[in-house]
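The values are calculated or read from the model by the stated rules, or taken from the named source; none is laboratory data. Everything numeric here is computed off the predicted structure, so don't read it as measured data. Glycine also receives a Cβ, built like all others from the backbone with ideal geometry; neighbour counts cover every protein chain displayed.
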Amino acid sequence: MRRQKNCLSESACGVVHPVIRTVLSVAYPLTQVGPDAVGGSEQVLTMLDHALTEAGYRSLVIAAEGSRITGDPDRFPRSH
């Protein structure tokens with residue numbers, strides 16, 4: 001988009017760039033997150049992750065390996 005000559009900034013000229021909000025969620029490292037989660041907090045995180053991505057937010061979830069999430073996953077390594 002071209003800026004008008006008398007504009008000092010893009011926002012002053014009415015040019016709006018979308019901002020993608022990012023939410024980071026950290027789950028308990030020993031329990032998987034997903035539709036089949038047994039713990040209450042894992043179930044809430046599953047619903048929150050799904051709702052955020054459906055609303056256009058970027059959802060980052062740090063969870064145990066084997067977790068099934070909608071957003072961008074990052075995994076805790078399995079403990080031995």
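Condition first: part of a helix (DSSP H, G or I) and over 11 Å from T22 (Cα atoms). Now tell me which residues in the range 50-69 satisfy that.
H50, A51, E54, listed by residue number.
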**Prompt:** Within the range 1-21, can you find the residues that are surrounded by 12 or more Cβ atoms within 10 Å (Cβ to Cβ) and either at pLDDT 60 or above or not acidic (D, E) (or both)?
**Reply:** R3, C7, C13, V15
